[in-house]
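Quick notes on the structure that follows.
The values are calculated or read from the model by the stated rules, or taken from the named source; none is laboratory data. In this text the structure is predicted, and so the values were computed from the model without any measurement. All Cβ positions, even for glycine, are placed from backbone atoms using ideal geometry, and neighbour counts span all protein chains on display. All accessible areas refer to the heavy atoms of the entire protein, side chains included, with ligands and DNA or RNA removed. Shrake-Rupley method; radii C 1.70, N 1.55, O 1.52, S 1.80 Å.
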Amino acid sequence: MFATVLRPGLLAASRSPRVRRTVTGLASTRKLVARFVAGESEAHAVAATRALRDTDRLVSIDYLGEDTTDPAQAAATVDHYLRLLELLTATVDTGESVRPLEVSLKLSALGQALPRSGHAIALEHAHKICSAADAAGVWVTVDAEDHTTTDSTLAIVRELRTEFPWLGTVLQAYLHRTEDDCREFSGPGSRIRLCKGAYREPAAVAFQSKDEVDSSYLRCLDVLMHGRGYPMVATHDPAMLAAARESARSAAREPGDFEFQMLYGIRADEQLRLAADGHQVRVYVPYGDEWYGYFMRRLAERPANLAFFLRALRPGAHR
């Protein structure tokens, strides 16, 4: 109930410039953000990646940013990814069938929201990153954002997959359309990261209750597990983790035929346990200084995150 009441307000706050100024100005916030964000530079992201790889976990790295309306900023985001991929090249074994390293892209950070030719600009930028990633032996997954971007995002993914068939994308179970999208993208070679969804969406396009979202997640999961692609199960929910293992068994999938994905700084003990049991576990590692929207969505997802944040704001909490 606590999460249900607070979630809409936190998601609204994630898009509020006024709340952003307040939250990002607090020293205690920045100290807490370090729990969920690897740092601000490519060097920080690489250091976090090496630590995770030392424990046999796979990694997906996201340079934070979204809703870019400045062409120069979109181009700068591409440059950050190219520098990151250059640093990652020496750490990759290109002979592995499941690539241990991946970068995650938000197309709105690459110019998708630009008023003129945003779709084409995002496609061009994403193509440049995919080319560099392929040369480095690194996968790319295109992140999902709010529902207004879904058609453009999936159209770009379809086009890029003609040249980069390993390209992954994210589908959000809370959208009414997602079960059909899972059917389309569950063919040979596809990689789908299935998550519940992290944006504030209207009832016309998205399920609103936890039970509805959970039921949709289970239906979508079953479609992907019984498809011919590579499902990526993005959840920290124990019930969904158990359901994924059961669905994989029913589809006769081995542990290497799918993977679990979890967020940096959340349930590290469960990540390690799953990896020790022989499962593929990939950790989503964000970095960069545009952390506000990401941070607020993490607070909205789990009451424990918000409680941790509020405790950190108490006077003397960091003395």
field: Breaking point among (1) touching a residue at least 60 places away in the same chain (Cβ under 8 Å); (2) open to solvent by 20 Å² or more (accessible area, probe 1.4 Å), for residue 211
entry: (1)
task: Only residues that are part of a helix (DSSP H, G or I) and of a type outside the set (D, E, K, R): list them for the stretch 169-199, please.
output: 178, 182
field: Yes/no for residue 252 being out of contact with any helix residue (DSSP H, G or I) (no Cβ under 8 Å at 6 or more places or on another chain) and on the phi > 0 side of the Ramachandran plot
entry: yes
The one condition in (1) under 25 Å from residue 295 (Cα atoms); (2) surrounded by 21 or more Cβ atoms within 10 Å (Cβ to Cβ) that residue 225 fails to fulfil: (1)
- prompt: Just checking, how many residues over the stretch 144-173 are out of contact with any Ser or Thr (no Cβ under 9 Å at 6 or more places or on another chain) and among the small types (Gly, Ala, Ser)?
  reply: 2
message: Cβ-Cβ distance below 8 Å, separation of 6 or more or different chains: which pairs start in the stretch 30-42 with a residue that is within 11 Å of residue 265 (Cα to Cα) and of a type in the set (D, E, K, R) and end on one that is open to solvent by 60 Å² or more (accessible area, probe 1.4 Å) and modelled with pLDDT under 90?
response: 35/308
- prompt: Which of (1) under 14 Å from residue 193 (Cα atoms); (2) in contact with a Cys (Cβ under 9 Å, 6 or more places away or on another chain) does residue 219 not meet, given it meets every other one?
  reply: (1)
query: Which members of the stretch 261-287 meet the condition of being open to solvent by less than 10 Å² (accessible area, probe 1.4 Å) and of a type outside the set (S, T, N, Q)?
result: 262, 266, 274, 281, 282, 283, 285, 286, 287
message: Test of understanding: among 154, 110, which residue is open to solvent by less than 20 Å² (accessible area, probe 1.4 Å) and over 19 Å from residue 63 (Cβ atoms)?
response: 154
message: When you check residue 123 against the structure, is it at pLDDT 95 or above and under 24 Å from residue 49 (Cα atoms), yes or no?
response: no
query: Quick check: anything in the stretch 224-231 at pLDDT 95 or above, closer than 20 Å to residue 144 by Cα and assigned to a loop (DSSP other than H, G, I, E, B)?
result: yes
field: Condition broken by residue 202, with the remaining ones in (1) in a loop (DSSP other than H, G, I, E, B); (2) surrounded by 19 or more Cβ atoms within 10 Å (Cβ to Cβ); (3) of a type outside the set (Ser, Thr, Tyr) satisfied
entry: (2)
query: Which condition number does residue 234 fail, the rest of (1) surrounded by fewer than 19 Cβ atoms within 10 Å (Cβ to Cβ); (2) modelled with pLDDT of 95 or more; (3) of a type in the set (Gly, Ala, Ser) being met?
result: (1)
- prompt: Taking the stretch 157-177 as the search range and keeping residues that are under 28 Å from residue 100 (Cβ atoms) and touching a Lys or Arg at 6+ places or on another chain (Cβ under 9 Å), which one is surrounded by the most Cβ atoms within 10 Å (Cβ to Cβ)?
  reply: 172
message: Quick check on this structure: which one of 134, 181 is within 21 Å of residue 85 (Cβ to Cβ), free of Cβ contacts under 8 Å to residues at least 60 places away in the same chain and acidic (Asp, Glu)?
response: 134
message: So, in the stretch 248-260, how many residues would count as being touching a residue at least 24 places away in the same chain (Cβ under 8 Å), outside any loop (DSSP other than H, G, I, E, B) and open to solvent by 10 Å² or more (accessible area, probe 1.4 Å)?
response: 4
- prompt: In the stretch 115-134, is there at least one residue being under 21 Å from residue 257 (Cα atoms) and open to solvent by less than 50 Å² (accessible area, probe 1.4 Å)?
  reply: no
Helices (runs of 4 or more DSSP H) (entirely within the stretch 261-319) containing at least 3 residues that are at pLDDT 95 or above: 268-276
message: When you check residue 64 against the structure, is it out of contact with any Leu (no Cβ under 6 Å at 6 or more places or on another chain), modelled with pLDDT of 75 or more, under 19 Å from residue 199 (Cα atoms) and hydrophobic (A, V, I, L, M, F, W, C), yes or no?
response: yes
